[in-house]
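Note sheet for the following structure.
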Amino acid sequence: MLPRLIPELGHFALILALGMALIQAVVPLAGAATRRPLWMAYARPMALGQFVFLLIAFFTLMASFLLDDFSVAYVADNANSMLPWYYKATAVWGSHEGSVLLWCLMLGGWSFAVSRFSRRLPRDMLARVLGVMGAVSSGFLLFVLLTSNPFARLLPDVPGEGADLNPLLQDVGLIIHPPMLYMGYVGFSVVFAFAIAALLEGRIDAAWTRWARPWTNVAWAFLTVGIALGSWWAYYELGWGGWWFWDPVENASLLPWLAGTALMHSLAVTEKRGSFKNWTALLAIFTFSLSLLGTFLVRSGVLTSVHAFANDPARGTFILVLLGLTVGVSLLIFALRAPRVAHATAFGWPSRDALLLINNILLVIMTVTVLLGTVYPLILDALNLGKISVGPPYFNTLFVPLTALLCLFMGLGPLARWKRMPGRELWRRLAVAGLGALVLGALAPLIYHGRWDPWVSLGLVLALWLVLSLARDLLDKLRQARSPATGLRRLTPAYWGMLLGHLGLAVTLVGVTVVSNYNVERNVRLAVGEQVEVAGYTFAMRSLGKRRGPNFVADVATIAVSHAGDAPFIMRPEKRVYLARRMPMTDVALSPGLWRDLYVAMGEDLGDGAWALRIQYKPFVRWLWLGALLMAAGGVLAVADRRYRRGKARASRPAGVEEVNA
């Protein structure tokens, strides 16, 4: 009897979490507006209580999965008694209802983290920040309880067995990819709340940016890792060997990443120079709005994708209304309050200010380009104006040149000074890096492949330009110190984070360029005793066999791979059939490496002991994800900078604070 009561406990915990979120949204904001300390003091305990009850709800749903409680409709639709326990645990976020509950849990976790680690914030600012986050949380909890309740029951007709988790999601990628992605999505709610709180208070200054920047960096780092994991999962799980297809659901995660990148750089200018204040606040609103738009696209049913979960029009309408209210109200606050915090700071060309502004503009143009290509077909379809498909040709034609321009100005940024510097000095500092990038980038394809390729050279020139400009800036800083050791000690974590982030982009550029142009793919027919050569590697099928897994049966090919006289090694691709859904799946065999991947996927049984195989040679493909990890590490490293802790300590001091009375 007790296991059957667990879902009711989770449902009740969700209701209590909603009650606390509503109190968190209303009382602290009212207290800040009327200057009542007791009302503002409600913010912290309500954030803690909401998070605790969301944890209870989440783990009761997980317990229902682990106990095979098929009286819960969500468990019956997404689990099976044969499913391994670790997939049962992660099936909690394997479909719509559980994924939205995970979103709410992470939003509650971010609210609790702000209440815990922002104790030195001014009391009224913290009340406003947590109040805004409570309002967002209230909207999503209402969405869960009214349209997407994960604890809905099938009583009294309880099925004896569940339908099983989608085989595409029975993978380690499901365990780590969605939580990372959601941590990034939801993390931008913090800087959004900071922006709205600052606009309500009429104050955006250096202290404000020192509060907001660490949260922005951490959210951006999580989103970067989440996108990289999604690309990695698609690469090895879907069997086609690609790492990005401009799928609308992939684009939904890229949009807030691009806007968040612009936001991080804009925050740097606001902190250092006191400019771009309104632009920074608007980017914070824009970034979180794009996170909500991504939620709408994935959860509303307007898209058909392996990533899209919902197909209920009521859910789509609710999220659309929530998106409209959030964006509409925040833009109204911005329109009314932005003139009060505006502050013009002069700068000239060339300067780091101007270069960061150009980078921001390019990032916003890139964001709008992806946004239009993603939503325009949906808008036409919704208005019954026809169906069109916008695919890779559109995105590559527009996105690639914009990326090249962005990299060009990114390389200039570290070498420029704030406010203004002589153009001749900037040219002197960048000449060696630029010339080195051109020469090395032009020669690299000849050395690597024996043939010059203009597109490969362009990508490598841009990557080398980023690396060499960073090296020149680091060298200049060390020369200015009394000794290299002293110079290294003077460099801040924020500076090292910038170096890592830009280096990560360069590494990713190399991976994209090389694998896109030098990938070798062959679709072959292979039987036992036969062999084929691909990119200098010999693939010989030695045997075919069967394997029984916990909830699937598989045909397994044993393939010996040899290269240039080296000892052969074995690759074992599989073709699985999952028993509950009778769904066939390809389990790819990979031979990974820093310089190349070998990729073998089984296709169809062609009869007479022969199978269709897709064999690929993918040079430098791992650099795609290595670069993303370096970028994320750079974002996290910058948070360790001491000035953020000092800024929090000085935040309550009135001196030097630019404030405009309401």
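The values are calculated or read from the model by the stated rules, or taken from the named source; none is laboratory data. Bear in mind the structure is a predicted one, so any value in this text is a computation, not a measurement. Positions of Cβ are backbone-derived with ideal geometry, glycine not excepted, and every protein chain shown enters the neighbour counts.
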Can you tell me how many residues within segment 55-79 are assigned to a loop (DSSP other than H, G, I, E, B) and touching a Phe, Trp or Tyr at 6+ places or on another chain (Cβ under 9 Å)? 1
Segment 458-478 residues that are in the same structural domain as Thr492 (by TED's automatic domain parsing), paired with ones that are of a type in the set (Ser, Thr, Tyr) (beta carbon under 7 Å, 6 or more apart): Gly459/Thr513; Leu460/Thr513
Test for Phe112: is it of a type in the set (Phe, Trp, Tyr), without any contact (Cβ under 8 Å) to a residue 40 or more places away in the chain and assigned to a helix (DSSP H, G or I): no
Considering every residue within segment 202-209, establish whether at least one is of a type in the set (A, V, I, L, M) and either farther than 30 Å from Ala33 by Cα or not in a helix (DSSP H, G or I) (or both). yes
Residues in segment 1-38 that are part of a helix (DSSP H, G or I) and either free of Cβ contacts under 8 Å to residues at least 24 places away in the same chain or more than 17 Å from Phe65 (Cβ to Cβ) (or both) total 25
May I ask you to list the residues in segment 614-646 that are touching a Lys or Arg at 6+ places or on another chain (Cβ under 9 Å) and under 16 Å from Tyr235 (Cα atoms)? Arg614, Ile615, Gln616, Tyr617, Lys618, Pro619, Phe620, Val621, Arg622
Going through Val190, Val186, Val225, Val218 one at a time, which residue ends up being among the aliphatic types (A, V, I, L, M) and farther than 26 Å from Arg123 by Cα? Val225
Number of the condition not met by Lys272 [criteria: (1) more than 30 Å from Val172 (Cβ to Cβ); (2) touching a Leu at 6+ places or on another chain (Cβ under 9 Å)]: (2)
Just give me the residues in segment 417-452 being within 29 Å of Val514 (Cα to Cα) and part of a loop (DSSP other than H, G, I, E, B), in sequence order. Gly450, Arg451, Trp452
Within segment 429-486, tally of residues that are of a type outside the set (Ser, Thr, Tyr) and closer than 25 Å to Gly497 by Cα: 33
Among Leu16, Leu61, Leu5, Leu54, which is closer than 17 Å to Leu154 by Cβ and at pLDDT 95 or above? Leu61
May I ask you to list pairs of residues, at least six apart or on different chains, whose Cβ atoms are under 6 Å apart, with the first in segment 191-205 being more than 14 Å from Phe288 (Cβ to Cβ) and the second being crowded, with 21+ Cβ neighbours inside 10 Å and among the charged types (D, E, K, R)? Leu200/Arg128; Ile204/Lys277
Some residue of segment 153-167 being in contact with a Phe, Trp or Tyr (Cβ under 9 Å, 6 or more places away or on another chain), on the phi < 0 side of the Ramachandran plot and not in a loop (DSSP other than H, G, I, E, B): yes
Criterion violated by Met541 - all others in (1) out of contact with any Pro (no Cβ under 6 Å at 6 or more places or on another chain); (2) among the aliphatic types (A, V, I, L, M); (3) surrounded by fewer than 20 Cβ atoms within 10 Å (Cβ to Cβ) satisfied: (3)
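So that you can scan it fast, the table gives a plain yes or no per residue for (1) modelled with pLDDT of 95 or more; (2) not in a loop (DSSP other than H, G, I, E, B):
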| site | (1), (2) |
| --- | --- |
| Leu336 | no, yes |
| Trp349 | no, no |
| Met366 | yes, yes |
| Thr369 | yes, yes |
| Thr374 | no, yes |
Matching residues, segment 585-628, being farther than 9 Å from Pro573 by Cβ, buried (at least 21 other Cβ atoms within 10 Å of the Cβ) and small (Gly, Ala, Ser): Gly627, Ala628
Residue pairs meeting the criteria (Cβ under 8 Å; at least 6 apart or on separate chains; first surrounded by 13 or more Cβ atoms within 10 Å (Cβ to Cβ), in segment 519-535; second hydroxyl-bearing (Ser, Thr, Tyr)): Asn519/Tyr617; Val520/Tyr617; Glu521/Tyr617; Val528/Ser543; Gln531/Thr538; Val532/Thr538; Val534/Tyr617; Ala535/Tyr617
What is the one condition in (1) at pLDDT 95 or above; (2) buried (at least 23 other Cβ atoms within 10 Å of the Cβ) that Leu121 does not satisfy? (1)
Residue match in segment 234-244 (condition: in a helix (DSSP H, G or I) and crowded, with 22+ Cβ neighbours inside 10 Å): yes
On the basis of being of a type in the set (Val, Ile, Thr), touching a Lys or Arg at 6+ places or on another chain (Cβ under 7 Å) and farther than 24 Å from Gly98 by Cβ, does Ile196 make the cut? no
Failed condition for Ala580, given (1) within 31 Å of the chain's Cα centre (by Cα); (2) at pLDDT below 95: (1)
Filter segment 215-233 down to residues that are among the aromatic types (Phe, Trp, Tyr) and within 26 Å of Phe194 (Cβ to Cβ) and give me whichever is surrounded by the most Cβ atoms within 10 Å (Cβ to Cβ). Trp220
